[in-house]
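K.L.:
One structure follows; several queries about it will come next.
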Amino acid sequence: MEHPHIRNMQDKCKKYKLCHVVFQTSERALLEGILLDNNSSSAELLVPEDLAAPESRFFEVRQNSGETFPPRYRIYKKVTVPLSSVVSIYLFPYYYPSYPYIYQRNYHPQ
């Protein structure tokens, strides 16, 4: 008989398929990635890995404060996670910036 916790994780995997998710494991580790697929005992994630950018003066991006930020390169690796070790699954939180002004619907400048 299937354990209810694993059944709950399978249902969440079906719900969040192809979404950017975070898995929390029983060892308190957080795995972030895109949920590709799952079966009765495991789930497949595409997990990002940052790569070092090659040193070049042509790839620097300058911000207004004068700081330089090198470009960011990523590769994605497929990782299989056993559902028995997953404690919780939730969507990756994306935060929207708050702007210093609010658009008004019926605003007409004179």
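Values quoted throughout were computed directly from the atomic coordinates according to the rules given, and no laboratory measurement underlies them. Quick caveat, the model's predicted, so the values are computed rather than measured. In this analysis, Cβ positions are derived from the backbone assuming ideal geometry, glycine residues included, and neighbour counts consider all displayed protein chains.
K.L.:
Using 0.36 nm times the number of residues separating residue 76 and residue 20, minus their current alpha carbon distance, what extension gain do you get? Walk me through the intermediate numbers first.
P.N.:
Numbers: separation 56, 0.36 × 56 = 20.16 nm, distance 1.26 nm.
Answer, rounded to one decimal: 18.9 nm.
K.L.:
Between residue 47 and residue 27, how many nm apart are label points set 7 Å from Cα along the C-beta direction?
P.N.:
The answer from the label model is 0.9 nm.
K.L.:
Apply the Karplus curve 6.51 cos²θ - 1.76 cosθ + 1.60, θ = phi - 60°, to the phi angles in the range 27-37 and return the couplings in whole Hz, x for Gly and Pro.
P.N.:
Rounded to whole hertz, the list is 8, 6, 7, 10, 10, 10, x, 9, 7, 7, 7.
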